[in-house]
């Protein structure tokens, strides 16, 4: 696996003990390595799976956990009890472990050899026994983990491990992610604010502020060669409006948009930032609000959010990593306006300029139009409709004493009518379970207007990430009932106020 996930792995270890003798332990080790090799080659699992053999003492377990903590390439552990591994041996190691954990409850042989099975076989293949002991100690210690039950050769089991792998990779990215905040928050807006120190403590994300003048200097320093290369990419990759083509009257607007993109790439690269924000209220020396620049950077895996919203920018970058290699696309998004006519109201999601073309149904069109805010030149942007199909919109908010994630399963549809005068990229969807119920639940939960939209990730992956991060998650989907949702909010409030969420 290349790209963002290429350097990461999951460590696979089996638990046992010295009680069984060398012959049984050799079998346990061999079986565990065979399972690890099979998972390593499974297309459903995007990370490498590295066999760590069998651990059979408290000291070996402690060293395994410490080594995993110290290895940046280790995204998480898969642990399986082939035999019975007394749980007191796990206390020290689990207490030290700082990497995501998946408890795999499987069995080496799917079928029992009924006619020849004896006590030796039973003692060697007693995952049903050992994993219950392991499950108890994890619960007793309050260890956050994902539990997957099923045959290791089954596709459903591997798919669930694959989702955990993606969530673990997202968590690994969060630990080293820097968000470059260009300018400040949009003035007087509350939900895009938050505690940046607490975000670094809880999520690992670093948010660094920069003056827009520094970006303007980088834009001014773009070389002629870099500029020409980007303009050529625009010409070849998109359907350009006539006024933006080679001899078009607005060609200079396209050149300036390319200059901003080139400068922004240099600026972010020099600072090691893989996510960024901007705001139309602070453009300093920029002639345009970055439109196509933000869109293309998102398409290349960067996190982005507008108006200084660093939480959404960070979450988008994490989601981009988790979604690597999956179809469907992932983007910055905002619930913008509604169509309330008819029996099934629709949400039109968009933003002023910055929706990622990874979600486009067809080749984007490159256009230039006025922007009534910001006080700068008309910005260039990509215009398209999102591809229909299932998707998720999710977001993170700061409640003061904790972070909360809210996620809504949606069904994206083709716009019921043409939008010839709407000069932005957009997605039209039906929220689950219904417009009224989903919207009421979102508002009751305090969900923000900026979201991450993903037609690539599923809800289980989002749930896995929230569990790893130790943050509250509220899911709105086809199973949501408003009375139950309100009760969940009350229970969560009580739990976190008592300190259970820390």
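Read the figures in this text as sums done on the coordinates, not as results from a lab. Computed from a prediction, not measured in an experiment: that's the story for all the values here. Methodologically, a virtual Cβ is constructed for each residue, glycine included, from the backbone with ideal geometry; neighbour enumeration extends over all protein chains shown.
The table that follows gives values for the structure above.
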read-out	value
Considering only the stretch 3-175, percent of DSSP beta bridges that pair antiparallel, nearest 5	0 percent
For the chain, convex hull of alpha carbons as volume per residue, Å³	162 Å³
Prolate/oblate/rounded label for the stretch 357-396 (Cα gyration tensor, a/c 1.5)	oblate
Global form of the stretch 280-363, assessed from the alpha-carbon gyration tensor, a/c cut-off 1.5	oblate
Theoretical gain in end-to-end length, residue 18 to residue 477 [0.36 nm per residue, Cα-Cα removed]	160.5 nm
Gyration tensor verdict on the stretch 350-451 (Cα atoms; rounded if a/c is under 1.5, prolate if a/b is larger than b/c, oblate otherwise)	oblate
Relative contact order (%) - the stretch 187-287, alpha-carbon pairs under 8 angstrom, separation at least six	33 percent
Sites residue 128 and residue 63 - FRET efficiency at Förster radius 25 Å, r taken between beta-carbons, to 0.05	0.35
Nearest-0.05 FRET efficiency for residue 73 and residue 413, computed from C-beta distance (R0 30 Å)	0.10
Mean Cβ neighbour count within 10 Å, used as a protection proxy, ranking 208-214, 117-123 highest first	208-214, 117-123
Rounded to 5, the percent of DSSP beta bridges in the chain classed as antiparallel	45 percent
Additional length obtainable on full extension of the chain from residue 26 to residue 341, 0.36 nm per residue less Cα span	106.6 nm
Sequence-separation-based contact order of the stretch 177-497, relative, with Cα cut under 8 Å and 6+ spacing, percent	17 percent
The stretch 131-155-the stretch 94-109 distance, computed between alpha-carbon centres (Å)	6 Å
Computed E for residue 156/residue 493 - FRET, C-beta separation, R0 25 angstrom, nearest 0.05	0.10
Label-point gap, in nm, between residue 237 and residue 92 - each point 7 angstrom along Cα→Cβ	5.3 nm
Euclidean distance between Cα centres, the stretch 322-336 to the stretch 425-502, Å	17 Å
Ranked list, fewest to most other Cβ atoms within 10 Å of each Cβ, for 215, 489, 422	422, 489, 215
Relative contact order (%) - the stretch 3-175, alpha-carbon pairs under 8 angstrom, separation at least six	27 percent
Sequence of 157, 139 once ranked by neighbouring C-beta atoms within 10 Å, starting from the fewest	139, 157
Euclidean distance between Cα centres, the stretch 273-321 to the stretch 350-369, Å	14 Å
For a label point 7 Å along the Cα-to-beta-carbon line of residue 141, residues of the stretch 36-73 with backbone N under 14 Å	56-69
